[in-house]
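The values are calculated or read from the model by the stated rules, or taken from the named source; none is laboratory data. Computed from a predicted model, the values in this text were never measured in an experiment. Neighbour counts run over all protein chains shown; Cβ positions are idealised from the backbone, glycine included. With ligands, DNA and RNA removed, areas are computed over all heavy atoms of the protein, side chains included. Shrake-Rupley method; radii C 1.70, N 1.55, O 1.52, S 1.80 Å.
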Amino acid sequence: MSVVCHADISKSTDFQMKHNFTIFKNGKPVFMTVSDREGARYEIPVARSSDTGEYECTVEAGGKTKSSDSLHVWVTGMTKPILTAEEKEVLEGEVVKLRCELPEEVPPLYFVFRKIKMNSTPKEKRVFEPYRNFSEVSFSVEEGDNILYFDCFGKRNVLLAFESSEHSNRTLVTVKEPFIKPTLNAKPSGNITEGDRIQFECSTVVARMRDIEIILQKNKTILKSVKDEKILKYSTVATLEDSGEYLCKVEQGRASKTTKLNVVVQELFPKPILSASTSNLDENKELTLSCSISGFRKANFSILRKNSNGEISLKNSRNLTMRVNVNDTGSFICKAEVKGIVKESKPVMINIYAPVSKPTLSVVSGLPEVVLGKPLRLICRSAMGTPPITFRFHKGNEVKTIVTNDTYATFLDENIRQNDKKGYKCDARNNHSSGMKTSNILNITVIVPIRRASLGSIPYGKVEDGHETTFLCSVEEGSWPIHFRIFRKTDREVLLFETSENADKILWRKKAMNRQDTGTYYCMASNRANVDVKSHPITINVILAVWQKGVIAASVLIPIAGAVTFASWWFLYKKKKAKGPSVEMSGSALATNLTSEKLTRQHNDRDYYSGSGYIEDSENHMKSTDETKGPDLESAEVEYTEVEVSTLDPHRAPVQKGTETVYSEIRKANNDSVENRHSRIQGHPDAT
């Protein structure tokens, strides 16, 4: 086969150019040449299947490169494989090693080896060789393999399909037996009866006495085995269980041959039968056991009891009578021996019962109480009594459930009502003849959980500082005793009061409330139901008391009043100094008229107050004032003075008897101004 690459190049006539040709197969270069011609040829003298592939060529000339399209070449067929065997003659149990080669083929390759026997289907072994063009395998030689033929063929994957070679040469291998099939005999050969001694003999003929083993087995149980010997002997006293199929096997290396023999042993006597007077009885009662063989009386009998440690012999006799206790409960058997053959009866179970004690009924959780809405679990125990024990639970006169157990039983009552007054009891019994025992009646307290807690206070909402507040915490429903707690919540929760009472409500008096007691209050109530119920919160504001408000008002108003009074006095004082000396009053006629007028007004005006009193401080003031007038004023005579007494202000001065001091206003019209002065009212006999 030739692969030709041709390049069509344009150039000058006399110009010589070298061409670099490269031929690729499956992307790998397989041929390279440099030529001044425009073509190159890759010669394959003998085409093989390995030459199958994708071919293409590349030409480089004058610094320019071009590649051809790919060309698929498929070389059909494969070379014939060559098979060789390491041994031409082997023994049973040995192996035949084979080598199959595909010369001039390129991996990866598949090899198929075949083992061919006369009148049987060939056995195949397949091997994949990714890196070499040959493979090796081994075939074991089995019993019955006399003349064997072997061959092989190869396969390869082309375009997702397998192509196979023709089969190799067929190789013959001869097999020799290392030993003959064993023979197995039993003596006596027939009519074997229990008690007879039976002897087995297994033998073979061996070509090479090395690593040979003879095995005798029954039902996959090895009875005896010997090594490097040609014969095996085994003897035993025949029993009925010795009937069956026996197998003699001879092994050497991988070779193995077997022979089978079926043996039948006749029964000498049947198995004994153990009978008991009763299988269930009370402790301290008598039990009678009897052992017998149907149609056969001459035998050696023994009666035994089985326990966890084995068997305890009770009596070597056909019959046994004993007074039993609870520890005698168990399986009893009897054995019979004739001519060295011992047979055992089927076990008989005997149950000894102690009476049950009076059961006790209690609540699993401990206390004889249950929360309303929760299930009640009761347990009934019987301290003594042989199990199984049957327990019955009663609620009132009604049987609720029946339980069979060892020493106790439980009962779950999920139908608990608030006014459930029925008592519980249980009874227990076993197979003892004493009958049933009944527990005492158990009365259960039904605990009603707390429902709807509420908190109130008197007074509500606002409390004066220093006054007392009464809190009332109550619940709508709940079993006594009830645990009450009162909390105040500001930036944190503070427990103020707690108590447990047999009541639905409690009162708590908080004396002398202060501003720090302002906050949110709530109460919590709980009982043995272990559920805390919280009330809605209420808010308490502590405000100032009335006297505290008065003190605060006085502390503010008194300084203000003093300041106003001082300002008034200061204003009058300054005004008086500005007016100068007192106005002179003259004229006796005017004085006479004034006096007459004054007396008349004294009788008619109820606003006047009688008395000759005067303001002492004013008198002194007037004296000092008069002293400042000088000589003229001292000699002057006052002719008249008009005095107008206003209605008494009860907040300024009270009415007094006799000589008293009053405030009076002396008014004089002078440019619409008013002057306040002190005057002295002189009493006289006619004054009223």
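Things worth noting here:
- In the stretch 299-325, the residues that are more than 26 Å from GLY195 (Cα to Cα) reach residues that are assigned to a loop (DSSP other than H, G, I, E, B) and open to solvent by 70 Å² or more (accessible area, probe 1.4 Å) with C-beta atoms within less than 8 angstrom, at least six apart or across chains, in these pairs: LYS306/PRO347; ARG323/ASN284; ARG323/LYS285; VAL324/ASN284; VAL324/LYS285; ASN325/ASN284.
- Of all residues making up the stretch 165-195, the number that are open to solvent by 50 Å² or more (accessible area, probe 1.4 Å) and assigned to a loop (DSSP other than H, G, I, E, B): 10
- In summary, ARG297 fulfils each of the numbered conditions (1) touching a Pro at 6+ places or on another chain (Cβ under 8 Å); (2) more than 30 Å from HIS432 (Cβ to Cβ) with the single exception of condition (1).
- Evaluation of THR520 against (1) open to solvent by less than 60 Å² (accessible area, probe 1.4 Å); (2) over 40 Å from the mean Cα position of the chain (by Cα); (3) among the hydroxyl-bearing types (Ser, Thr, Tyr) (one fails), failing number: (2)
- Residue within the stretch 68-77 that is of a type in the set (A, V, I, L, M), touching a residue at least 24 places away in the same chain (Cβ under 8 Å) and in contact with a helix residue (DSSP H, G or I) (Cβ under 8 Å, 6 or more places away or on another chain) present: yes
- Strands (runs of 3 or more DSSP E) (entirely within the stretch 285-349) containing at least 3 residues that are modelled with pLDDT of 90 or more and more than 27 Å from LEU240 (Cβ to Cβ): 286-292, 319-323
- Restricting GLU105, GLU94, GLU124, GLU143 to residues that are out of contact with any Cys (no Cβ under 9 Å at 6 or more places or on another chain), modelled with pLDDT under 95 and open to solvent by less than 30 Å² (accessible area, probe 1.4 Å) narrows the list to GLU105.
- GLY466 vs. criteria at positive phi, surrounded by 15 or more Cβ atoms within 10 Å (Cβ to Cβ) and not acidic (Asp, Glu): no
Listed here are the residues, each with its yes/no results for (1) farther than 30 Å from ASP328 by Cα; (2) over 30 Å from the mean Cα position of the chain (by Cα).
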position	(1), (2)
SER345	no, yes
ILE350	no, yes
ALA354	no, yes
PRO387	no, yes
LYS400	yes, yes
LEU412	yes, no
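- PHE497 open to solvent by 20 Å² or more (accessible area, probe 1.4 Å), among the hydrophobic types (A, V, I, L, M, F, W, C) and in contact with an Asp or Glu (Cβ under 7 Å, 6 or more places away or on another chain): no
- Which numbered condition GLY385 fails, given (1) open to solvent by 30 Å² or more (accessible area, probe 1.4 Å); (2) part of a loop (DSSP other than H, G, I, E, B); (3) touching a residue at least 40 places away in the same chain (Cβ under 8 Å); (4) of a type in the set (Gly, Ala, Ser): (1)
- Listed by first and then second residue, the pairs with beta-carbon distance under 8 Å, at least 6 apart or on different chains, first residue in the stretch 27-40 and within 19 Å of VAL73 (Cβ to Cβ), second among the hydroxyl-bearing types (Ser, Thr, Tyr) and modelled with pLDDT of 90 or more, are PRO29/THR22; VAL30/TYR42; PHE31/THR22; PHE31/TYR42; MET32/THR22; ALA40/THR33.
- Residue match in the stretch 240-252 (condition: among the small types (Gly, Ala, Ser) and on the phi > 0 side of the Ramachandran plot): yes
- Meets criteria (within 30 Å of ASN327 (Cβ to Cβ) and surrounded by 12 or more Cβ atoms within 10 Å (Cβ to Cβ)) for LEU232: no
- Flag if LEU496 is within 30 Å of ASN419 (Cα to Cα) and either part of a loop (DSSP other than H, G, I, E, B) or over 35 Å from the mean Cα position of the chain (by Cα) (or both): no
- Search result, residues across the stretch 1-54 that are open to solvent by 40 Å² or more (accessible area, probe 1.4 Å), of a type in the set (Asp, Glu) and at pLDDT below 85: ASP8, ASP14, ASP36, GLU38
- Of all residues in the stretch 337-348, those that are more than 18 Å from GLY195 (Cα to Cα) and open to solvent by 60 Å² or more (accessible area, probe 1.4 Å) have Cβ atoms under 7 Å from Cβ atoms of residues that are modelled with pLDDT of 85 or more and among the hydrophobic types (A, V, I, L, M, F, W, C), 6 or more apart or on another chain, in PRO347/PHE332; PRO347/ILE333.
- Of the strands (runs of 3 or more DSSP E) lying entirely inside the stretch 39-108, those containing at least 2 residues that are within 17 Å of CYS152 (Cβ to Cβ) are 82-85, 95-101.
- Meets criteria (of a type in the set (S, T, N, Q) and touching a residue at least 24 places away in the same chain (Cβ under 8 Å)) for THR84: yes
- Among (1) under 25 Å from GLU344 (Cβ atoms); (2) at pLDDT 90 or above, the one test that GLN266 misses: (2)
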